Each structure stands twice: as structure tokens, then as C-alpha cells.
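Here's the structure, in C-alpha cells; my notes come after.
Read-outs: derived from the displayed coordinates by stated rules, not from any lab. Owing to the predicted nature of the structure, the values given are computational and were not obtained by experimental measurement. As a convention, Cβ positions derive from the backbone with ideal geometry for all residues, glycine included, and neighbour counts pool all protein chains shown.
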Amino acid sequence: MNTPRRFRPTFELLESRLTPSGVTAALVGGNLTITDAVAHNALSISQPVANEIVITDASTSINGMPVGTPLIIKGVTGNITINLAAGDSLSSGPAAPLTVAGNLIIDGNGGNAVSVSDATIKGKLIVHISGSSGDSLTLTDVAVKGTTTISISSKSSSRSGSSSSFSFSSSFHSSSSSSSSFSSSSSSSFSSSSSSSFSSSSSNFFVSATM
């Protein structure tokens, strides 16, 4: 007599359908941290309403969402820190002006193009970009109530054909009560198109560019 075999159902693990995140965003205690792990992305941040930040990148996923889908972060009441990958670009404004309740910190890895316009930063503005040459920073209609520190350096072994550029509109200003003097330390490849129009009510502004 043949004994029928018992059927035992099994489970087969399927691959995750979540889109790998090139960009991650985390909100902790009102402080927003945005980090890009993939080079040559184009990030955009905007603020349609108070304490709400919209992050957009047409070419990668943000927090596992479908590629190109904007991510809305509510409850941003403190600092905004943005960590860029090499070759990334970052833009903010002017369609939805940015108001940062705390500090705005931008940290890159070289070859970054950063443009911020129509922004009010109630804390400090700190920009640090290091890596390959060709970094650029453009600030237009930006008001900083705290101190402003900008540092762009290059690890490139050759200066040939390399440059870093800063551009400030006449309405860019830092209003900290600090009495530090404006200083600039840069190589011959450093250029600024705004030296005559730059104004600071605090003089607490530091720029360093090293190629």
C-alpha cells in the first residue's frame, strides 16, 4: 500500500521592490539632515509653507520613494544640514523662498554647484566643499542673522584649468553682532564677481578657498 506524500507549503522570499535610496532625509528634534550617497545628482529644496521642506531630485530616489518623487518633510523647526556627494548640484529658491529657523549647513565632496536665492537664515550659514576643482557657490537675496563661514578647497594635484567661484548679490548680508573682520584666503584660481557689491553689516564673514 502506497502512502500518499503530504504536501508541505513553503514560502519563497521575493526581492524587495523598494527603490534603493540615493538620497536620505531624516528629521530629529526639528533638525533636518539630507544626505546624498550617489554622485552627480541635482537636489532642490523649497519651502512652500512654514516649517515644511520639499526635497526634489529627478534622477534618484529619496527615502526609497519612486525616482523623481518629491519628499515632503513637516516639522522642520531647527537646523538644515545637507551632505552632498561629488559632482552634486544644489538649488533653493526663488519660487518657494527658504526660511531656516536654525543653521544652514552645506557640506560637499568636490565639483559641487550650490545656488541659494531668496533665503532667510536665522542662525549660521556654513558651507564647506572639498574635493575636486570646479566648485561654485552663488548666493542671491540671502539674509543671514548669524555668522557666515564659507570654505572651498580642492584636493586636485594640479591647478591647471581648475577654478572655484563665489558670487554674491548686493543684497546678501550677514547681520551678526560679532566684530570679526572680513577675510579671504585663496589661490590665484579663486575668483569673485561680487567684491564691489558685497555688503555685510557685521563683517563677521569668512571665505577660504584653497586649490
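Of the residues SER61, LEU43, HIS128, the one whose Cα sits farthest toward the positive end of the charge dipole of the range 20-148, with +1 on the Cβ of Lys and Arg and -1 on the Cβ of Asp and Glu, is HIS128.
Remark: the Cα gyration tensor places the range 83-124 in the oblate category, a/c being 1.5 or greater and a/b not exceeding b/c. Taking Rh as the Kirkwood radius computed over C-alpha pairs, what is the Stokes-Einstein D of the range 14-135 at 20 °C in a medium of viscosity 1.002 mPa s, expressed in µm² per second? The calculation lands on 148 µm²/s. Most tightly packed first, judged by the mean number of other beta-carbon atoms within 10 Å of their residues, the peptides 34-47, 116-129, 68-81 read 116-129, 34-47, 68-81. Amide H to amide H distances under 5 Å link SER89 with ASN41, ALA42, LEU43, ALA113, where only residues 5 or more positions off or on other chains count and H is placed in the peptide plane.
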